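Data first, discussion second: the structure below is written as structure tokens.
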Amino acid sequence: MRYLAFDLGASSGKMALGEFDGRRLSVRPVHGFKNGIVRMGDGLYWDFPGIWANFLEGLSKACREAEIRSVGVDGFNNDFSFVDARGELLMPVRCYRDPRTLRHERAIYARIPPRELYMHTGNQLAPFNTYMQLAAMVENGQQFFFEHAENLLMLPDLLVFLLTGNRVTEYTLAAETQMLDLNTRTWIPEILRAIGFPERLFAPLVMPGTRAGTISPRVSAELGIAPIDCVSVCGHDTASAFLAAPADRDSAILSSGTWALIGAEAAAPVISEYGYRHNIANEGGFPGHHRILKNVMGGWILQQLRQDFALDGRAFDYARIEALALAAEPFLCAIDVDDKRFFAPGGMRKKVRDLALEAGERAPEAPGEFFRTAYESLAFKYRGALEKLERLLGTRFRQLNIVGGGSRDTVACQFAANALGRPVLAGPADGTAIGNILVQMIASGEIDSVEQGRRIVRNSETLREYEPRDAAIWDEKYRAFSEKYPG
């Protein structure tokens, strides 16, 4: 019997099969597809029908290849749609990068000030949060969706609903909406009242590892497959990725993909004035695996630079990007990769050049200079984020474990080791799918705990180690960077 993970990322999605032989876990993709933002008018959306079609295609392929014990769904967080009592989708799924939240940011924060919002939830303050998106809808006069909907469903939960017919709100998804109390696991009335959002629209809250239902007869008949159990895994992809981190507890974890999320696990939320000042996020995880982390813009900047050059007819694969970056002049300039102008898609080269010139830096010109600037600046941001986390938690981490697709990027991993002055352990690259599968294995009773799952990952994966290089020059450049960009 095998486990099936559907892992939806902002730039791609995949269906992966996991098989455990009693000692090792093998995971292999059976279907993959590109995902991306669709611009319609002034709005940014996801191609949700295309995502659903690929989900079904991957499910069909997997069932033709193997007998499946269960399936789980994870994906990026905060995006949602509404469904009515009949299960009809009431609106297309907006992308969290949609500019409507930034347009209405001042009015939204007039409803609940940022500090109060943070102290309620411990979630980071960010324009992409679900609360911000709902509040922007209110500012746009779109409360009629609240009146006609039966449920709000987060994107992974929406896929589970279409698959099984059951409506649930998985905890790790709910925990990042900026509307849930992480201690009591209840919705916060003050926040809901601020935008007039009815609590009745939330489907029942379930913890990861809960059986969400069985594939509906309609889907089974359409695909010609037998009914399969669906498990609510850690629906937030970062929560799944963290579960697969095999390093020791004295290691920080970096989930590296379109976003880079650097953090550690803690027994409970840590909500403080220091956390508010530095926008440190508290995020829900599998029971006993609460996460505290900093969000960095991540591989998005490299993805967008690559897209910019492709529009000029210069297509670079990632191996070429790494080679060009290594060949470029070191420390030409450094930029704050979390600058708000980078949040929206498009025009990344101009945005990088503008920010460099505004900061009094030499602006990059050649492709390799752009890529190296992004790599070095990301590494500096990782160090700054880690230092703030260590101060909040009162600890020092011995090394960094990078999981997710970014662990394959040798330049990113080496530069992170250089900037941190600490070893980096890279892998597993399929960490999100593995974490998804581990929760299914716990739900089935095949393993007892996340800790046992991590031991299995250590036995199953080939991990790569990076030692710091040129520590003195990286330390000097980081200190100059942190003076210019203290945030």
query: Pick from 75, 58, 43: which is out of contact with any Phe, Trp or Tyr (no Cβ under 7 Å at 6 or more places or on another chain), of a type in the set (Gly, Ala, Ser), open to solvent by less than 30 Å² (accessible area, probe 1.4 Å) and under 22 Å from residue 6 (Cβ atoms)?
result: 75
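Do you know which residues across the range 281-315 are part of a loop (DSSP other than H, G, I, E, B) and buried (at least 18 other Cβ atoms within 10 Å of the Cβ)? Don't jump to the end; show me each part of the working.
Start the filter on the range 281-315 by keeping residues that are part of a loop (DSSP other than H, G, I, E, B), which leaves 284-289, 297-299, 312-315.
Once the filter is applied, which keeps residues that are part of a loop (DSSP other than H, G, I, E, B) and buried (at least 18 other Cβ atoms within 10 Å of the Cβ), the range 281-315 yields 284, 285, 286, 289, 297, 298, 299.
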task: Give the residue, chosen from 157, 181, that is open to solvent by less than 10 Å² (accessible area, probe 1.4 Å) and in contact (Cβ under 8 Å) with a residue 24 or more places away in the chain.
output: 157
Residue, modelled with the highest pLDDT, within the range 1-39, restricted to residues that are of a type in the set (Ser, Thr, Tyr) and either in a loop (DSSP other than H, G, I, E, B) or open to solvent by less than 30 Å² (accessible area, probe 1.4 Å) (or both): 3
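Would you call residue 85 without any contact (Cβ under 8 Å) to a residue 24 or more places away in the chain, among the aliphatic types (A, V, I, L, M), on the phi < 0 side of the Ramachandran plot and open to solvent by 10 Å² or more (accessible area, probe 1.4 Å)?
On the way: without any contact (Cβ under 8 Å) to a residue 24 or more places away in the chain: no; among the aliphatic types (A, V, I, L, M): yes; on the phi < 0 side of the Ramachandran plot: yes; open to solvent by 10 Å² or more (accessible area, probe 1.4 Å): yes.
So residue 85 does not fit the description; no.
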message: Can you tell me how many residues within the range 254-280 are open to solvent by less than 40 Å² (accessible area, probe 1.4 Å) and under 13 Å from the mean Cα position of the chain (by Cα)?
response: 9
statement: Only one of 268, 226, 221, 212 is in contact with a Cys (Cβ under 8 Å, 6 or more places away or on another chain) and more than 26 Å from residue 430 (Cα to Cα), namely 226
- prompt: Of the residues in the range 428-451, how many are among the hydroxyl-bearing types (Ser, Thr, Tyr) and touching a helix residue (DSSP H, G or I) at 6+ places or on another chain (Cβ under 8 Å)?
  reply: 2
- request: Determine whether residue 291 is within 20 Å of residue 382 (Cβ to Cβ) and out of contact with any strand residue (DSSP E or B) (no Cβ under 9 Å at 6 or more places or on another chain).
  value: no
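From the list 220, 216, exactly one residue is more than 25 Å from residue 282 (Cα to Cα), in contact (Cβ under 8 Å) with a residue 12 or more places away in the chain and surrounded by fewer than 23 Cβ atoms within 10 Å (Cβ to Cβ). Which is it? It would help to see each step written out before you state the result.
On the way: 220 fails: in contact (Cβ under 8 Å) with a residue 12 or more places away in the chain.
Only one candidate passes the filter, namely 216.
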- request: Check whether at least one residue in the range 364-380 is open to solvent by 20 Å² or more (accessible area, probe 1.4 Å), under 24 Å from residue 319 (Cβ atoms) and among the acidic types (Asp, Glu), and report yes or no.
  value: yes
- prompt: Among the residues of the range 105-114, which ones are surrounded by 15 or more Cβ atoms within 10 Å (Cβ to Cβ) and within 16 Å of residue 141 (Cα to Cα)?
  reply: 105, 108, 111
query: Going through the range 465-482 one residue at a time, which ones are in contact (Cβ under 8 Å) with a residue 24 or more places away in the chain, open to solvent by 40 Å² or more (accessible area, probe 1.4 Å) and not aliphatic (A, V, I, L, M)?
result: 465, 467, 468, 469, 470, 475, 477
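Restricting to the range 337-360, count the residues that are assigned to a helix (DSSP H, G or I) and either free of Cβ contacts under 8 Å to residues at least 60 places away in the same chain or open to solvent by less than 10 Å² (accessible area, probe 1.4 Å) (or both). Can you show your working first?
First pass over the range 337-360, keeping only residues assigned to a helix (DSSP H, G or I): 340-342, 348-358.
Now narrow it down to the ones that are either free of Cβ contacts under 8 Å to residues at least 60 places away in the same chain or open to solvent by less than 10 Å² (accessible area, probe 1.4 Å) (or both): 341-342, 348-358.
Looking only at that region, the number is 13.
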query: So is residue 431 closer than 18 Å to residue 265 by Cβ, at pLDDT 95 or above and surrounded by 22 or more Cβ atoms within 10 Å (Cβ to Cβ) or not?
result: yes
- prompt: Can you pull out the strands (runs of 3 or more DSSP E) entirely within the range 133-249 that have at least 2 residues that are within 30 Å of residue 265 (Cα to Cα) and more than 22 Å from the chain's Cα centre (by Cα)?
  reply: 210-214
- request: Select from the range 184-210 the residues that are in contact with an Asp or Glu (Cβ under 7 Å, 6 or more places away or on another chain) and without any contact (Cβ under 8 Å) to a residue 40 or more places away in the chain and list them in ascending order.
  value: 187, 192, 206
statement: Just one listed residue, out of 117, 102, is part of a helix (DSSP H, G or I), open to solvent by less than 10 Å² (accessible area, probe 1.4 Å) and in contact (Cβ under 8 Å) with a residue 60 or more places away in the chain, and it is 117
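The values are calculated or read from the model by the stated rules, or taken from the named source; none is laboratory data. Remember, it's a predicted structure, so these values are computed and weren't measured experimentally. No Cβ is skipped: glycine too gets one built from the backbone with ideal geometry, and neighbour counts run over all protein chains shown. Side chains are part of the model used for accessible areas, which takes the heavy atoms of the whole protein and leaves out ligands, DNA and RNA. Shrake-Rupley method; radii C 1.70, N 1.55, O 1.52, S 1.80 Å.
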